[in-house]
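The values are calculated or read from the model by the stated rules, or taken from the named source; none is laboratory data. All values derive from a computational prediction rather than experimental measurement. Backbone-built Cβ (ideal geometry, glycine too); neighbour counts: all protein chains shown. Heads up: the accessible areas ignore ligands, DNA and RNA and are worked out on the full protein's heavy atoms, side chains in. Shrake-Rupley method; radii C 1.70, N 1.55, O 1.52, S 1.80 Å.
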Amino acid sequence: MPRTFDETLSRPPSGGIAHVAPDGRFQSVSVQLAHFLGYSVETLIGMGMDQITHTTDHLRECAQLEMLQARGAGKFSLLKRFRHPERGLLWAEQLVLLMPQVDGRPPVFEVHVREPMVSDQTLNELHRRAFRDPLTGLLNRASISEQIDSAIMAGNRLGRSFALLLLDIDGFKQVNDTHGHLAGDAVMQQLGRRLNATMIERDLTGRLGGDEFVILLRSATDDFALKRGQKQVLRCFDAPFTLPKGGQADKIALGASLGMAAFPRDGCTVTGLLTRADHRMYEEKRSRLSA
């Protein structure tokens, strides 16, 4: 595994240091860090961390930042990819400390950056294995659970609501039994691509395992937005799914059962929200089968 920051900074960070406001914007940047990132100090001041960070890594970063703000103190380290204007994606090690202000002002994040000790190729592979479902490329169970937990902490701190959907593919066992597991894998891969394509920027999709998927609708702050999100997800099943050549059929039509849970109305923990959504999903499935 690549080395990360220790409990103390045992050597000076090669990438430099910055101070970042709670909203993610740079307040100060060292010349060393600006050079490392490929920008001038003047350009970086006022920019947001999201503007120069790979989207997936920024999601992980935001989850950790939210935990720090919820605790009111602490630090974390992570490997992340910066968007360098000339070199493209640039891996770096980042240590973030929450620095309380003694005069009552909002706390700031002190960010230390340095180059990693291993190759980009190794880091890309480690990242894929750690955070992505190997079949669909969606967030894996641990990653999507972390994002739900982050949304809960942000909701508690800022008074925001959100919802999540649990999705189960109707008739998926029959696909495997009739056409084989390669056909089942192909269906899940296609569904993963469709879900990714239909989600808006703030929403996330992960695979829990088997044919169960979870969609975090951070944009669903009211019932209207939730219904819109449900319709978007169900549209992924409008077109038939293509089976691998050699199957008994080239295409197959499938449906889905959905279960919804809203924060904070239906639960205030990851387990509570997933359990509530799971119950509603199977209630919907049983109701439809018995009709």
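Apply 1/(1 + (r/R0)^6) to the Cβ-Cβ distance of L89 and R129, taking R0 = 22 Å, and write down the FRET efficiency to the nearest 0.05. Provide the component values of the computation, followed by the final result.
Details: r = 18 Å, r/R0 = 0.80.
After rounding, the FRET efficiency stands at 0.80.
Take the Cβ-Cβ distance between F224 and C268 as r, set R0 to 25 Å, and report the resulting FRET efficiency rounded to the nearest 0.05. Walk me through the numbers on the way to the answer.
On the way: r = 23 Å, r/R0 = 0.91.
The calculated FRET efficiency here is 0.65.
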Open item on the list: Using only the alpha-carbon atoms, how far is helix 270-290 inclined from the longest principal axis of the chain? Give it as 0 to 90 degrees, nearest 10.
Closed with: 20
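Under the rule that an exposed site lies in a DSSP loop and has at most 11 other Cβ atoms within 10 Å, name the longest stretch of the chain with no trypsin sites (Lys or Arg not before Pro) of that kind, not counting the sites themselves. Don't skip to the answer; put the middle values down first.
Details: sites that count: R3, R87, K245, R265.
Maximal segment without exposed cleavage sites: 88-244.
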Open item on the list: Taking just the alpha carbons, could you work out the radius of gyration and Dmax for region 15-129, both in angstroms?
Closed with: 13.9, 45
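Suppose every Lys and Arg Cβ carries +1 and every Asp and Glu Cβ carries -1, with no other charges. What dipole size does region 27-176 come out with about its Cα centre, to the nearest 20 debye? List each step's numbers first, then the result.
Numbers: 16 positive and 17 negative charges, 38 e Å.
With only Lys, Arg, Asp and Glu charged at Cβ, the dipole is about 180 debye.
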Open item on the list: If I build a Gaussian network model for the chain, linking alpha-carbon pairs within less than 10 angstrom, which residue out of A239, A163, A151 has the largest mean-square fluctuation?
Closed with: A239
- [ ] Using only Cα atoms, find the angle between the long axis of helix 181-198 and the longest principal axis of the chain, and express it within 0 to 90 degrees, rounded to the nearest 10.
- [x] 60
Open item on the list: As I understand it, the value is the acute angle between the Cα axis of helix 55-71 and the longest principal axis of the Cα atoms of the chain; what does it come to in degrees, rounded to 10?
Closed with: 70
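At 1.4 Å probe size, with the rest of the protein present, what percent of the exposed accessible area of region 221-291 is carbon and sulfur atoms? Let's see the in-between values first.
On the way: 2410 of 4370 Å².
Using a 1.4 Å probe with all protein chains present, region 221-291 comes out at 55 percent carbon and sulfur.
Could you work out how much longer the chain between A70 and A21 gets when fully extended? Use 0.36 nm per residue separation minus the Cα distance between them, nm to one decimal. Kindly include the intermediate steps, with their values, before the conclusion.
On the way: separation 49, 0.36 × 49 = 17.64 nm, distance 1.52 nm.
The A70-A21 span can extend by a further 16.1 nm.
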TODO: Under 20 Å Cα to Cα from K173, which lysines show up? Leave out anything in the same chain fewer than 8 places away.
DONE: K245, K251, K285
Task: Among P240, L208, V270 the positive-end extreme of the charge dipole of region 194-291 (Cβ point charges) - done: P240
Open item on the list: Given an 8 Å cut-off on Cα distances and at least 6 residues of separation, report the relative contact order of region 47-191 as a percent.
Closed with: 17
Open item on the list: Could you check the spin-label model distance between R235 and E110? Points 7 Å from the Cα along Cα→Cβ, value in nm.
Closed with: 4.8
Open item on the list: For the chain, set up a GNM with springs between Cα atoms under 10 Å and report which of V214, V31, V102 has the largest fluctuation.
Closed with: V102
- [ ] Using Cα centres only, tell me the gap between region 276-291 and region 184-239 in whole Å.
- [x] 18
Task: Longest DSSP-loop-exposure-free segment, GluC sites (Glu not before Pro), the chain, at most 16 other Cβ within 10 Å - done: 87-200
Task: Mean accessible surface per residue for the chain, computed with a 1.4 Å probe while every protein chain stays in place, in Å² - done: 50
Open item on the list: Tell me the volume per residue, in Å³, of the convex hull enclosing the alpha carbons of the chain.
Closed with: 158
TODO: Taking 7 Å along the Cα-to-C-beta vector as the label spot, tell me the N196-S119 distance in nanometres, rounded to one decimal.
DONE: 2.4
